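Every number in this text was worked out from the coordinates using simple rules, so none of it is lab data. What you see is a predicted model, and the numbers here were worked out from it, not measured in a lab. Cβ placement follows ideal geometry from the backbone for every residue including glycine, while neighbour counts extend to all protein chains displayed.
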Ligand code: C5P
């Protein structure tokens, strides 16, 4: 029996993380937050002062990292451990997002993370969220979802999240950062963010999380 993969791609803030987790819980599938891997590489590169323009050096660094995901009772997000240390908070900051999208432009870095991502596909199945799950990493996935929302709506959501965490941010600045990151993700030469031709498109601008989850589960039932 091979693992069923549900690929969920889309721009930052479209709700992929939450939706992927809920779908995985409902189906009892494994979960891959591929963005966390790019965030870890960005974070490690920042700490080790590796040049973010040097793809080969970043890939060499990525290959030395011991990355683990741990479910912590009562925590909403999966904890991310780098060489045994919980780096969840550092990698989920705005700076973490910027570093991730900088290291993610390099083909060498993407290649270094490819096998690791594939290894998450275990029976009964995997829900993988990212930018290129359906177009590059799990091209054979029987269900590919492209989840979007307007940049304004995504900035609003991020604003609320950060406020809840006590981070002071301006919504205008967030919107600008989201647009910059979209631009970098959509226009990079390697694995640019785009919907796979065989993906189901869901615009979550006016949908609740539960409604998005319901729609994905409905598609999953047809696999
Ligand atoms: O999904 P998340 O916001 O955590 O991703 C952080 C960054 O990592 C993205 O902006 C993107 O540049 C990069 N990324 C990627 N490919 C993926 C997942 C994330 O390039 N599959």
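Restricting to the stretch 102-112, and then to whatever is within 10 Å of the ligand (Cβ to nearest atom) and surrounded by fewer than 22 Cβ atoms within 10 Å (Cβ to Cβ), can you tell me which residue is farthest from residue 41 (Cα to Cα)? Step by step, filter the stretch 102-112, then rank; the result is 105.
Looking across the stretch 8-25, the residues that are part of a helix (DSSP H, G or I) and touching a helix residue (DSSP H, G or I) at 6+ places or on another chain (Cβ under 6 Å) come down to 18, 19, 22, 23.
Considering 82, 143, which residue is within 23 Å of residue 42 (Cα to Cα), more than 14 Å from the ligand (Cβ to nearest atom) and in contact (Cβ under 8 Å) with a residue 40 or more places away in the chain? Going through 82, 143 in turn, the sole match is 82. None of 130, 96, 84, 115 is surrounded by fewer than 23 Cβ atoms within 10 Å (Cβ to Cβ) and in contact with a helix residue (DSSP H, G or I) (Cβ under 7 Å, 6 or more places away or on another chain) except 96. Screening the stretch 173-203 for residues that are more than 15 Å from the ligand (Cβ to nearest atom) and assigned to a loop (DSSP other than H, G, I, E, B) and picking the one that is surrounded by the most Cβ atoms within 10 Å (Cβ to Cβ) gives 198.
Every test in (1) touching a residue at least 12 places away in the same chain (Cβ under 8 Å); (2) buried (at least 18 other Cβ atoms within 10 Å of the Cβ); (3) within 15 Å of the chain's Cα centre (by Cα) is passed by residue 77 save one, and that test is (2).
Of everything listed in (1) more than 26 Å from residue 89 (Cβ to Cβ); (2) over 14 Å from the mean Cα position of the chain (by Cα); (3) surrounded by 14 or more Cβ atoms within 10 Å (Cβ to Cβ), the single unmet condition for residue 148 is (2).
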